[in-house]
Amino acid sequence: MLRILLVVLTAIVITGCASTKQTVTYKGDMPYVEGTPTNELLMAIPPLDGQPKITIAVYRFTDLTGQRKPSTKFSQLSTAVTQGSDTFVISALKAVSNGSWFQVVERNGLDNLVKERQLIRSTRDLYDGENEIEKVLKPMLFAGLIIEGGIVGYDSNTQSGGQGARYFGIGLSEQYRVDQVTVSMRIVSVQTGEILLTTNVTKTIASHSSGGDVFRFLDMGTKALELETGVAVNEPVNYAIRTAIEFAVLELIHSGEKQGFWKFKEKEIEIPKVHGNIRG
């Protein structure tokens, strides 16, 4: 019996060493574009009914929580949520009806854009003359609407729990944890400054872990055998934020149609109030 256990233990150690070697040399998957269910809903929205594209601007969609990554050992300088969520907003707006709804103008990198246009003007003024410049360089577009808002809440460990069992030195355990992130978004009229539409969306972030262990005394209690294994699956925070932002855009489009700001070319689609673990 002891020899069998030693053989099993040796095999596990060798396998573990091989797995460690593979982990060190593992290069990861190839880059890929990950879609979301809410992104598919955005693309499925019907086109506008006889209206031109809506010119809209996104300045900053910032992290307003001030939360840091949770840690029990030391203070973290890294933020709990992304600082570039405005890129998710732009992607969501461009995905609506495959880009036939919104004409999104650049505002986040406006300084770079203005500098580049000044460089073009000065260069062409030097070599081509001012009249030629006016023909080639068109004026920049201005937006009629502005998207405002941000990530207003990040609550960690809103719910946690687990279960386990042990019998004759063999144990199994399972644990889970739930965080949640809240996104606020509004559409503002440039001409009047009025807030036309607003919505708040909350998305849960689920984490789950499971494992097992074996602890036995061998050789009349003079030796001990202990084995452990486990796996944890955590939903990416960026994925949750992206999904919440896309659902917020869906909610604003749905509310705008009901209030008469725009009309669908086809029959109105059904936008669920609860989609998965998203609450609008």
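Given the options T204, T192, name the one that is within 37 Å of the chain's Cα centre (by Cα), surrounded by 13 or more Cβ atoms within 10 Å (Cβ to Cβ), under 30 Å from I56 (Cβ atoms) and not small (G, A, S).
Numbers: T192 fails: surrounded by 13 or more Cβ atoms within 10 Å (Cβ to Cβ).
T204 is the lone residue from the list that is within 37 Å of the chain's Cα centre (by Cα), surrounded by 13 or more Cβ atoms within 10 Å (Cβ to Cβ), under 30 Å from I56 (Cβ atoms) and not small (G, A, S).
If you filter segment 102-139 down to residues that are of a type in the set (A, V, I, L, M) and at pLDDT below 85, you find that the one that is nearest to A240 (Cα to Cα) is L110.
For segment 216-231, the candidate set comprises residues that are at pLDDT below 80 and not in a loop (DSSP other than H, G, I, E, B); within that set, the residue that is farthest from G171 (Cα to Cα) is K223. Working only within segment 99-124, note down all residues that are without any contact (Cβ under 8 Å) to a residue 24 or more places away in the chain and among the hydrophobic types (A, V, I, L, M, F, W, C). If the condition is that a residue be without any contact (Cβ under 8 Å) to a residue 24 or more places away in the chain and among the hydrophobic types (A, V, I, L, M, F, W, C), then L110, V114, L119, I120 are the ones that fit.
Is it fair to say Y154 is of a type in the set (F, W, Y) and either under 27 Å from E257 (Cβ atoms) or surrounded by 16 or more Cβ atoms within 10 Å (Cβ to Cβ) (or both)? Judged against the criteria, Y154 is a match. Total residues in segment 68-99 satisfying the condition of being modelled with pLDDT of 75 or more and either of a type in the set (A, V, I, L, M, F, W, C) or out of contact with any strand residue (DSSP E or B) (no Cβ under 7 Å at 6 or more places or on another chain) (or both): the figure is 13.
The values are calculated or read from the model by the stated rules, or taken from the named source; none is laboratory data. Just so it is clear, the structure is predicted and the values come from calculations on it, not from any experiment. We place every Cβ from the backbone using ideal geometry, glycine too, and count neighbours over all the protein chains shown.
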